[in-house]
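Step one of this worksheet: look at the structure below.
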Amino acid sequence: MKNVDDLIESAAELAARGLSKGEIADELNVSRETASWLVERSGTTPQPADQQTAQPDNGASGPQDIHVDWSAIGRDSKRMSAIAEAMADMLAKHGEDVDLTIGIEKAGGPIATLVARELETDLGTYTPAKHQWEEGDIDDLGGTFSRNFAGIRDRECYVVDDTITSGTTMRETIEAIRAEGGTPLACIVLADKQGLEELAGVPVYSLLQVISVGKDD
């Protein structure tokens, strides 16, 4: 994807397939606000009356965000394995006693699987609340751990995802792990848009930090 028009088209296709705006945000690696704006711009959902005035076609009036496209890695298992090896190497500094890796669905799941293999840990997955989100307060929704994977209680773990956009999903996952009786020791992502060093008291690592620098920063 090279420009905003491509993202709008992709958002329309995903919405037509029945994905929620939260899931679209996850697929496009953008914030929920950006995903909502892209869907509205595509005409898939009606815009509120106060937003129906003409806007530039170049997307200049859209929310400030950064789209991360890592599909060149994701489409190739060999490249994914190499990336997972690098991520596992960054996490290994926390010791050999960690025996669980948690992947945040959707994209974090496959990455976590490969990281878990490198670290020789069990695997768990968490589906965040944003996958149900369309409009309104996301705090009214809840995420879930899959029962098809490893349990969490009384275990130390790592948390793996593809990107951090605002940090909300990662924070939610950390809190959910603690609520289940687990202890998150470190988080790692491919790309971090916030440049975080820690979140909710947990160290955050990334292969790339993608920071927007503008006149107003």
Hits in the range 164-173 (condition: buried (at least 24 other Cβ atoms within 10 Å of the Cβ) and out of contact with any helix residue (DSSP H, G or I) (no Cβ under 8 Å at 6 or more places or on another chain)): MET170, THR173
Search result, residues across the range 186-217 that are of a type in the set (Val, Ile, Thr), at pLDDT below 95 and closer than 12 Å to THR163 by Cβ: VAL210
Members of the range 75-85 that are of a type in the set (Gly, Ala, Ser) and either open to solvent by 40 Å² or more (accessible area, probe 1.4 Å) or in contact with a Pro (Cβ under 7 Å, 6 or more places away or on another chain) (or both): SER77, SER81, ALA82
Breaking point among (1) over 19 Å from the mean Cα position of the chain (by Cα); (2) open to solvent by less than 60 Å² (accessible area, probe 1.4 Å); (3) among the charged types (D, E, K, R), for ASP65: (1)
Any helices (runs of 4 or more DSSP H) falling wholly within the range 70-132 and containing at least 3 residues that are modelled with pLDDT of 95 or more and more than 16 Å from the chain's Cα centre (by Cα): 77-91, 108-119
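The values are calculated or read from the model by the stated rules, or taken from the named source; none is laboratory data. Quick caveat: nothing in here was measured; it's all calculated off a predicted structure. Please note: Cβ atoms are built from the backbone with ideal geometry, for glycine as well, and neighbour counts cover all protein chains shown. SASA here: full protein model, heavy atoms, side chains in, ligands and nucleic acids out. Shrake-Rupley method; radii C 1.70, N 1.55, O 1.52, S 1.80 Å.
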